[in-house]
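Visitor: Attaching a single structure in structure tokens format; questions to follow.
The numbers here are math on the coordinates, done by the rules we state, and not lab data. Every value quoted in this text rests on a predicted model; they were computed, and no experiment measured them. Neighbour counts are summed over all protein chains in view; Cβ atoms, including those assigned to glycine, are modelled from backbone coordinates with ideal geometry.
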Ligand SMILES: [Zn+2]
Ligand SMILES: [Zn+2]
């Protein structure tokens, strides 16, 4: 079965009052990071805020936390030894700021997942099959299966299509921010609804960094995080995305280190340097402190 992750479902249907009423009644069993069986996770735990219920988590009360032990026991979809690079595939036209955003995102993904990220020559909107269009929107299924998958390079860990056009999976959906196929290792994301209407480039950039690391995390077999405030928390809206942190919590980071073989202290150093270069002050501080609490 092809597992797809539908991202950021449309809209907030719960009124605020109902939200807070439910919030106080809702309890999800989760162990504390401070009592985690993994020593590295325990050391990092005090630096990371506890999980907060979100609109997404209210709508998915059946979800159980994916533990580090369960993650380690599963086969990740990225065990193909020939696969060693990520590819970003621009679809359509990108302005100067948007191109810079793609370059910065490629750099972040290199540090975050420890693999080279290569950018492919853009695919013009005019060259897409007519079946890829629904009005002004592009259909995710056609992009994934008929455009990205047939052209996936042999050494690709995953191909990440990026477009400024709005996306929809089709009938019954207004839009999605993106969609990915774990099995086929292709994903597509749209910048269209991430761009801040007031021209706040820093906000747009942070949103894209969050989306790119979160969705690539899914490609590594990571599920939504229910143990801490974390970049892998499920989000239902752009408001929740803005509220969610970029940083992965210690348990999700430990899954990533397991999947990639990255060393925690080196990983935090690289992320800290990236955050400084991007003027992400709170992230730089968090990653510096995270590095400092670990044995050097
Ligand atoms: Zn997700
Ligand atoms: Zn997490």
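Visitor: If we sort 104-115, 85-96, 198-209 on the protection proxy, mean other Cβ atoms within 10 Å, highest first, what's the order? Don't skip to the end; give the middle numbers.
Guide: Details: 104-115: 19.8, 85-96: 18.1, 198-209: 16.1.
The peptides rank, most packed first, as 104-115, 85-96, 198-209.
Visitor: Let me ask you something else. Using 0.36 nm per residue of separation minus the Cα-Cα distance, give me the extension gain between residue 171 and residue 85 in nm, one decimal.
Guide: Contour length minus Cα-Cα distance gives 27.6 nm.
Visitor: Follow-up question, since we're still on this one. Need the C-alpha centroid separation for region 143-158 versus region 255-296, integer Å.
Guide: 30 Å
Visitor: Sort 218, 84 so that the residue with the fewest other Cβ atoms within 10 Å of its own Cβ comes first and the one with the most comes last. All intermediate terms of the calculation are to be shown ahead of the outcome.
Guide: On the way: 218 19, 84 12.
Fewest-to-most Cβ neighbours within 10 Å comes out as 84, 218.
Visitor: Place a label point 7 angstrom from the Cα of residue 277 along the Cα-to-Cβ direction, then list the residues of region 86-107 whose backbone nitrogen is under 14 Å away.
Guide: Answer for region 86-107: 100-107.
Visitor: Still on this structure: Fewest first, what order do 255, 210 take by the number of other Cβ atoms within 10 Å?
Guide: In increasing order of surrounding Cβ atoms, one gets 210, 255.
Visitor: Output the relative contact order of region 82-197, whole-number percent, from Cα pairs under 8 angstrom with separation of 6+ residues.
Guide: 30 percent
Visitor: Relative contact order for the chain using alpha-carbon pairs under 8 Å, separation at least 6, rounded to a whole percent?
Guide: 26 percent
Visitor: Here's something else I'd like to know. Restricting things to alpha carbons, find the Rg to Rh ratio for the chain using the Kirkwood radius for Rh.
Guide: For the chain, the value is 0.95.
Visitor: Report the residue, chosen from 136, 244, 259, that carries the largest GNM mean-square fluctuation when the chain is represented by alpha-carbon nodes joined by springs under 10 Å.
Guide: 136
Visitor: Express as a percent, rounded to the nearest 5, the fraction of DSSP beta bridges in region 82-197 (both residues included) that run antiparallel.
Guide: 30 percent
Visitor: A follow-up question, please. Calculate, in nm to one decimal, what residue 130 and residue 145 gain on full extension: separation in residues at 0.36 nm each, minus their alpha carbon distance. Could you put the intermediate results ahead of the total?
Guide: Details: separation 15, 0.36 × 15 = 5.40 nm, distance 1.42 nm.
Contour length minus Cα-Cα distance gives 4.0 nm.
Visitor: Using Cα springs under 10 Å in a Gaussian network model of the chain, which residue among 188, 64, 41 shows the largest mean-square fluctuation?
Guide: 64
Visitor: Among 213, 119, which comes first, then next, by fewest other beta-carbon atoms within 10 Å?
Guide: The order, fewest Cβ neighbours first, is 119, 213.
Visitor: Moving to a separate point now. Which FRET efficiency value, to the nearest 0.05, do you get for residue 242 and residue 69 by plugging their Cβ-Cβ distance into 1/(1 + (r/R0)^6) with R0 = 41 Å?
Guide: For residue 242 and residue 69, the calculated efficiency is 0.80.
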